[in-house]
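The structure under discussion appears below in the form of structure tokens.
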Amino acid sequence: MNPEKLLPLILSNMSEAVFLTDLTGRFTFICPNVHTIFGMDRLEVHRQGQIQSLLGNYPFRFDQLKKVGDSIDFETEVSDKHGRPHTILVSAKMVDIGEKGVLFVCRDISQRREIEIAWQESEKRFRKAFRAARMFAFEYNLEQDEVVWSESLEKIFRLAEHHFDNTLESFFELIHPEDRQGIRDTFSQTVAQTGEFEIEYRVLWRDGAIQWLRSLGEVKAKPGGPPEVINGVLFDVTERKRIEQEVELLLTISRQIHDSRDFNDALNTALRCICERTKWDYGEVWIPTSDGSALECGPSFFAKYEDLQPFREESRHINFREGQGLVGQVWQNRQPEWVEDISAGEERIYKRANLASRINLKAALAVPLIGEQGNLIA
């Protein structure tokens, strides 16, 4: 397979609706998932002519993107083929994949919009929706060093009861260590200038998961007096950050695939990029054998540490038939599959379970790469 064909395959396997266009808006790639938002297949979308026909009343202009890397995010209301309304979040970014164009990633956020409408209908609904959307208001009294929240902070941050003492320092301790000092500096500067702030940062949940928050607020003071309180809100923006990171990963992969020598080199590039961005320790590609009866370990792999090489060597001497092991199950079901701890599995089900246990490999994720005709590519 030509390496240039790998990028469309990757885009086709994304959950969002993804398009590539030239700088006038004409489609150069349309992913199969467009039907989930627009109710049309790719041919019907292509007949629309240009991307602008899918963006509702939003006045998108290509001159908003001046150079490669420029991006814009916006929300717009659209109707699908059957007249059903959808609110979509669109990320548009100028790219250069052999030639300049624009990558559009569209996500249906209609459910979130319904929540926002519910806020406006009644105070009771507002509070309920506020919690559902993970949005929280706060007020910080500088003199008393006390933070008051619209909800219990133990619930917001998944803390044990009475873990948080409502001081500013306790809140700082919840912020990701790499972001903490920057937030302290922003806070100090805002108080000193009696100004406003808008910042994004990561927090660490009790279970170790990372979440992105956006904080907006302002410092209030009496005329001529010192700052008294800070009022603000927190938004959970993890979903938007995930889309941004997906787009950036796709761009990185596409640039490197464009420079690949052949299909295997392109696969190796894609695998390395994905593992490095997601901080996975090991990755490998399984491809059909020449007669199509099984999957064998291909030449493309990624190993973060030297002591993972035995796993690679073992993989080269086995294959999986349809339905056999994690690889074979994904081949059969054509769906991604996650295993929390593959080293704890039975050897008769997971052929390399004992070896995974010895070299401390735990969680495993297998994702199928499906061709345009429904065939398994890898």
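If you look at the Cα atoms of the range 280-366, you get an Rg and a Dmax of 12.2, 34 Å.
Contact order for the range 18-94, expressed relative to its length and based on alpha carbon pairs under 8 Å spaced 6+ residues apart, stands at 24 percent.
Between residue 146 and residue 233, residue separation times 0.36 nm minus the direct Cα-Cα distance comes to 29.8 nm.
Legend: distances between Cα atoms for 93/362; 66/220; 241/351; 241/304; pairs beyond 32 Å are 93/362; 66/220; 241/351.
Where a number appears in this text, it was derived from the coordinates with a stated rule and is not lab data. Remember, it's a predicted structure, so these values are computed and weren't measured experimentally.
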